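Participant: First the structure, then my questions, so here it is.
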Amino acid sequence: MKTIQAYRYALDLTPGQERDVYAHAGAARVAHNWALARVKAVMGQRTAERSYGIADGQLTASMSWTLPALRKAWNVVKADVAPWWGEVSKEAFSTGLDALARGLKNWADSRTGKRAGRPVGFPRFRSRRRTTPSVRFTTGAIRIEPDRMHIVLPRLGRLKLHESARKLARRVEAGTARIMSATVRRDGGRWHVAFTVEVERAECVPARPASVVGVDVGIKHLAVLSTGEVVDNPRHLVAAQARLRTLGRALARKTGPDRRTDRRPSKRWDRAAARLGRAHTRVANLRRDGLHKLTTRLAGTHATVVVEDLNVIGMLANRRLARHIADAGFAELRRQLAYKAGWNGGRLLMADRWYPSSKTCSGCGAVKTKLALHEREYTCDACGLVIDRDRNASLNLAALAAEYDTAGSGPVAAREADQKTRARGQVAVKREPGTTTIGQTGTVPPQGRTTDHALTRVH
Ligand SMILES: [Zn+2]
């Protein structure tokens, strides 16, 4: 199975190397801004000529927005626009032009309706202060040194890694991985290199091929499983979040920038903002680490994982930070489960967002009309079952999978063929790039419950 994966490592750059990378990132910005100005000028010229009544054939020739065309145009003018062009790799200019070509394409596709989702704005000029410095190498000498603690990139030369790249190096040596590109970027207050790698993965099967697990994602815990296991948030996360609030308050007391009066931030504000930024990165890293450990274990163990759909509307409506973070974490959990299920030969099922996983009794199937958020125990009025709220929800999700499978061979199977009879409330699943989704979708109304609720196979 071939997949495209990213391997990302922190870099330890010397001051000289840092200057070189900044020069490359600056070159990318110069090429981007020059090409954007050219595109805008041509568009403006054609609009003006049209307004004079000039026939379409006589207009100034339109400009191609593809990367090869932009690169060609840049090569004609680079000696005038950037006399220093020889000092950096040509890949730097490609980085900027490629970003522009993508931006223009996304904008055009969004306007013509070819691209779904939120409308995409027209590309904007990049400022030195507000752009993330980044440069991408696609050709030339890109390799990991035999000591696995250094990499070699064109022009930048030998760069030290902060951690060993042994996992990637082993794959490259074994011939099961091919590095396609390397991007050096400053994010979260430090430099990283991200390799885009084509990996040949061995076919796997989950450790327990008949096992089904329901996952309920929460605020207090990372997740509660239908097996009864409570997966806690990573250690140190609570402390890191507390520090985030402290640093946020400290920043608010300092003299920040003010656009109305053109006030520049104080040095103390700058330092406090950097501290807060690092704390944010740490919280995000801790959360991601916990999610990766959980999803790797789930996808490697169970053949079927059942989760709930993300409540996007509720997410927009609520302004509580904790809930918001949990929801954001859930989106990431679902994304990871989808591709890891694919790697392990398992599957991910998703209950639609209207399915009352918390309000349904996992013992008898009775559905409550109301269950307040603070009620941590579920008490069934019909059969008297008393169970932890999240555990109850995860059990309901796991039970849905059994119904999905019986329905697959039963009378509901006929419905699967006709995609138009999708149950109300079911939404299309966003497929992440890089995951090899089979795209098999079936719906099933849970037995003895309302037919409005459906289960979708994500992977
Ligand atoms: Zn009950």
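The values are calculated or read from the model by the stated rules, or taken from the named source; none is laboratory data. Owing to the predicted nature of the structure, the values given are computational and were not obtained by experimental measurement. Positions of Cβ are generated from backbone atoms using ideal geometry, with glycine treated the same way; all protein chains shown enter the neighbour counts.
Participant: Only residues that are crowded, with 20+ Cβ neighbours inside 10 Å and either among the hydroxyl-bearing types (Ser, Thr, Tyr) or within 16 Å of the ligand (Cβ to nearest atom) (or both): list them for the range 400-410, please. Break it down stepwise before answering.
Facilitator: Here is the first cut: in the range 400-410, the residues crowded, with 20+ Cβ neighbours inside 10 Å are 400-401, 404, 407.
Across the range 400-410, the qualifying residue is only 404.
Participant: Further question on the same structure: What number of residues within the range 51-75 satisfy the criterion of being assigned to a helix (DSSP H, G or I) and closer than 23 Å to residue 102 by Cβ?
Facilitator: The initial filter retains those residues of the range 51-75 that are assigned to a helix (DSSP H, G or I), namely 51, 56-58, 67-75.
Adding the requirement that they be closer than 23 Å to residue 102 by Cβ leaves 67-75.
The qualifying residues number 9.
Participant: Tally time: how many residues in the range 76-93 are outside any helix (DSSP H, G or I) and crowded, with 16+ Cβ neighbours inside 10 Å?
Facilitator: Start the filter on the range 76-93 by keeping residues that are outside any helix (DSSP H, G or I), which leaves 82-84, 88-89.
Okay, now just the ones that are also crowded, with 16+ Cβ neighbours inside 10 Å, so 82, 88-89.
Selection size over the range 76-93: 3.
Participant: Need the failing condition index for residue 204 against (1) part of a strand (DSSP E or B); (2) at pLDDT below 90, just the number.
Facilitator: (1)
Participant: Let me ask something else about it. Name the one entry in 22, 52 that is of a type in the set (Ser, Thr, Tyr) and in contact (Cβ under 8 Å) with a residue 40 or more places away in the chain.
Facilitator: None of the others qualify; the one that does is 22.
Participant: Give the range 241-262 a look and list any residue that's surrounded by 12 or more Cβ atoms within 10 Å (Cβ to Cβ), small (Gly, Ala, Ser) and modelled with pLDDT of 90 or more, or say none.
Facilitator: Those that are surrounded by 12 or more Cβ atoms within 10 Å (Cβ to Cβ), small (Gly, Ala, Ser) and modelled with pLDDT of 90 or more: 248, 250.
Participant: Of the residues in the range 25-44, how many are without any contact (Cβ under 8 Å) to a residue 24 or more places away in the chain and surrounded by 13 or more Cβ atoms within 10 Å (Cβ to Cβ)?
Facilitator: Final tally of qualifying residues: 3.
Participant: Test residue 179 against the criterion of being aliphatic (A, V, I, L, M) and either at pLDDT 95 or above or part of a strand (DSSP E or B) (or both), and give yes or no.
Facilitator: yes
Participant: Tell me, please, whether a residue that is farther than 18 Å from residue 226 by Cα and in contact with a helix residue (DSSP H, G or I) (Cβ under 6 Å, 6 or more places away or on another chain) can be found in the range 349-367.
Facilitator: Checking the range 349-367: not a single residue is farther than 18 Å from residue 226 by Cα and in contact with a helix residue (DSSP H, G or I) (Cβ under 6 Å, 6 or more places away or on another chain).
Participant: Would you confirm whether or not the range 6-23 contains a residue that is surrounded by fewer than 19 Cβ atoms within 10 Å (Cβ to Cβ), more than 24 Å from residue 142 (Cβ to Cβ) and among the aliphatic types (A, V, I, L, M)?
Facilitator: no
Participant: Which condition does residue 241 not pass, out of (1) more than 30 Å from residue 133 (Cα to Cα); (2) in contact with a helix residue (DSSP H, G or I) (Cβ under 8 Å, 6 or more places away or on another chain), if it passes all the others?
Facilitator: The one condition residue 241 does not meet is (1).
Participant: Next question. Would you mention how many residues in the range 333-382 are modelled with pLDDT of 85 or more, away from the ligand (no atom under 16 Å from the Cβ) and surrounded by fewer than 16 Cβ atoms within 10 Å (Cβ to Cβ)?
Facilitator: 1
Participant: With the requirement that a residue be outside any loop (DSSP other than H, G, I, E, B) and of a type in the set (D, E, K, R), what does the range 115-145 give you? If you could, list the steps in order and put the result at the bottom.
Facilitator: Going through the range 115-145, the residues outside any loop (DSSP other than H, G, I, E, B) turn out to be 134-137, 143-144.
Scanning the range 115-145 gives 136, 143.
Participant: Confirm whether residue 394 is more than 14 Å from the ligand (Cβ to nearest atom) and either surrounded by 15 or more Cβ atoms within 10 Å (Cβ to Cβ) or at pLDDT 90 or above (or both).
Facilitator: Values: more than 14 Å from the ligand (Cβ to nearest atom): yes; either surrounded by 15 or more Cβ atoms within 10 Å (Cβ to Cβ) or at pLDDT 90 or above (or both): yes.
Judged against the criteria, residue 394 is a match.
Participant: Residues to consider are 196, 227; find the one that is part of a loop (DSSP other than H, G, I, E, B), in contact with a strand residue (DSSP E or B) (Cβ under 7 Å, 6 or more places away or on another chain) and surrounded by 13 or more Cβ atoms within 10 Å (Cβ to Cβ). Give the steps one after another, and end with the answer.
Facilitator: Working: 196 fails: part of a loop (DSSP other than H, G, I, E, B).
On inspection, the qualifying residue turns out to be 227.
Participant: Within the range 151-210, how many residues are among the small types (Gly, Ala, Ser) and closer than 23 Å to residue 91 by Cβ?
Facilitator: Just the residues of the range 151-210 that are among the small types (Gly, Ala, Ser), to begin with: 157, 164-165, 169, 174-175, 177, 181-182, 188-189, 194, 202, 207, 210.
Retained after the next criterion (residues that are closer than 23 Å to residue 91 by Cβ): 157, 165, 169, 177, 181-182, 194.
Residues in the range 151-210 being among the small types (Gly, Ala, Ser) and closer than 23 Å to residue 91 by Cβ: 7 in total.
Participant: Any idea which of (1) surrounded by fewer than 17 Cβ atoms within 10 Å (Cβ to Cβ); (2) outside any loop (DSSP other than H, G, I, E, B) is the one residue 96 doesn't satisfy?
Facilitator: Going through (1) surrounded by fewer than 17 Cβ atoms within 10 Å (Cβ to Cβ); (2) outside any loop (DSSP other than H, G, I, E, B) one by one, residue 96 breaks only (1).
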